[in-house]
Structure formats: C-alpha cells, structure tokens
Amino acid sequence: MKTSRICILRIEGTNCELETSFAFKRLGASAEIVHLKQLIGAVKEEERRNLKDYDLLVIPGGFSSGDYVRAGAILAARIKGALGEEIADFIENGKPVLGICNGFQVLVELGLLPGFVLDEKPGMQQVALTTNDSARFECRPVLIKHESRGKCVFTREIERNSILKMPCAHAEGKFFIAEKKREEYIQLLEENDQIVFRYVDPEGNYASYPWNPNGSIHNIAGICNPEGNILGLMPHPERAFYAFMDSEWSRKARERRKEGGEEKGDTYGGGKKIFESALKSFLKKGL
C-alpha cells in the first residue's frame, strides 16, 4: 500500500506544524515539516525539497512573518513570487491543499479560495479574513457543522450536518465579502457546494457571538474551492485529534465516574476526521 507524503510548510512565525505533523503520522502517513526556503532552493543542496514529490500540502496555523501587513499576507506574497507555478501545477494535478487558521488566511490572500472563475484576473483575492468583530484575539472552543454535500475531499468521511468541536485562536478570522459582491458570491458558494463548515451553538443553530467567534458572514468557518481539493478553515483540527484535548474532557471524565461509566470515554476528537478523510481520499484516488 502506498504511503501518502505530506508537506507541512513552515516559515518564521508558524507554530502549529508539529501538531499537524503528528496528526498525519498517527494515521500512518509520511509527514515532513518543510521550510519555505527548502522549496525555493535557498538552502544547501541536500536540504532542498521539491513540492511535486509530495501528495498533499498543508499550510498550518500560527503567525507567519508576525502577521505584519495582514494575517497571512507576507507568506502568500512569498509563495506567489517564488512558488507560483509549482503551486498551480500541484493543484491542477488534483493534489489536496489544506490551510488551517493562518493557512486559511494565506489561501485567501493567494486567491486560491474561494477560487471562483470569474472575469477577474486569475489569482486575484476575492474575499477576506479580517479583524474579529470583538476586536480581540479569540481563543475558545467552537462548534462547527459540516455542510458539504460531498465536494470537499477533506470531509467526505464526515457525516453531513454532524457537529464537530474544535478550538479557535485568531484575531483576524472574520470571513468577509465586499457588499457589492456579497449576494453573488454567497450564491456561488452555495451552488458550488463550497461552504464546508459553519459555526453553530450547542443546539446546532446558527448563532452570533460567542458561538460565531469572529462575526463571519453566514457563520462561515471553512470553505473549499470549486473542485473540492483545497480546504481552508479557521478552527484547529490538529488541536482536537484526541478526546483528551477537549477543554471539557476532565469534567466529562469526572461525570462519567460518578455515573459509573467508563473513565476513558471516546478516544478521538472531531479533528481526526478531517485528516482521516484526506488520507482515505488519497488511497481511493491512488495518487
């Protein structure tokens, strides 16, 4: 059986690459943390890497380049300038790309998400992830409902309308569309099955703050491109791989003990399903 090869990109300021690497490795994939300089040849020959040798690219969370200018803007500019053709070839070959939090911001800045084919120049930014309505850094658990009808390769193993719990940690996570384009773009997202996750409350209803931690339009927490091989989401699935990573795990364990139930409860958290879906899609496609 072929082992999938995962490239987890890092530069100064990214800080979730290790957890993301662990998530894929725990599922049997070969994951490597690769610095941008290794992909553009700004290192010794033996340290160089080629993007085409990987099956899946992940841009992890963190604060790439300190999030100066805008969150993800500098990393996006460096990728576009040095790896533009390689990234385009990677995506055209149907290989998946995952952007988590800061990675989502990078994909939006690159114009890869939502990736509408319209009259604009290819690669133009079409939406934004901007400052939270609270004007604060929001670090809290959130609930997201899976709404994809099957387009997104990262969620095909997740039951539609199921609710996943994950932490978020961002200051610029508000999914925003300019008013003059808003109605058109929302319609395209819905028609193309590009809305993958939305923020909900414990009853599964769309709700405002704090359940929607940033004020995202239509409660959007994650979207894919029209082809379904690029996913960006603000919550952190790598921080919800195991059940014990849940903020309420200790309390729930105590309640189970009081009720005479099993102490350990569920082993895995909702985040595992995203990584699992990506790898199962890889196996089915035989990349």
Matching entry among Ser250, Ser277 (being within 15 Å of the chain's Cα centre (by Cα), among the small types (Gly, Ala, Ser), modelled with pLDDT of 75 or more and outside any strand (DSSP E or B)): Ser277
Check on Arg78, more than 19 Å from the chain's Cα centre (by Cα) and in contact (Cβ under 8 Å) with a residue 40 or more places away in the chain: yes
Number of the exception - Tyr68 against (1) modelled with pLDDT of 95 or more; (2) within 21 Å of Gly173 (Cα to Cα): (1)
Residue tally, condition touching a residue at least 60 places away in the same chain (Cβ under 8 Å) and aliphatic (A, V, I, L, M), over the range 115-158: 7
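Does Leu283 satisfy the condition of being assigned to a helix (DSSP H, G or I), touching a Leu at 6+ places or on another chain (Cβ under 7 Å) and modelled with pLDDT under 95?
no
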Enumeration of residues in the range 85-108 that are assigned to a helix (DSSP H, G or I), surrounded by fewer than 23 Cβ atoms within 10 Å (Cβ to Cβ) and touching a Leu at 6+ places or on another chain (Cβ under 9 Å): Glu86, Ile87, Asp89, Phe90, Ile91
Residue identified as modelled with pLDDT under 95 and not polar (S, T, N, Q) among Glu138, Glu109, Glu120, Glu147: Glu120
For Tyr242: the one exception among (1) at pLDDT 90 or above; (2) in contact with a helix residue (DSSP H, G or I) (Cβ under 6 Å, 6 or more places away or on another chain): (2)
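Can you pull out the residues in the range 1-22 that are farther than 20 Å from Arg48 by Cβ and charged (D, E, K, R)?
If we filter the range 1-22 for residues that are farther than 20 Å from Arg48 by Cβ, which is where we start, we get 1-4, 13, 15-16, 18-20, 22.
Passing the criteria: Lys2, Glu19.
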Index of the failed condition, Gly28 passing every other in (1) in a helix (DSSP H, G or I); (2) out of contact with any helix residue (DSSP H, G or I) (no Cβ under 7 Å at 6 or more places or on another chain): (1)
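The rows are residues; the columns are (1) assigned to a loop (DSSP other than H, G, I, E, B); (2) more than 20 Å from the chain's Cα centre (by Cα); (3) surrounded by fewer than 13 Cβ atoms within 10 Å (Cβ to Cβ).
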residue	(1), (2), (3)
Asn132	yes, no, no
Ala135	yes, yes, yes
Val142	no, no, no
Asn161	yes, no, yes
Phe175	no, no, no
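The values are calculated or read from the model by the stated rules, or taken from the named source; none is laboratory data. Keep in mind the model is a prediction, meaning the values are calculated, not measured. Here Cβ is always computed from backbone atoms with ideal geometry, including for glycine, and neighbour counts include all displayed protein chains.
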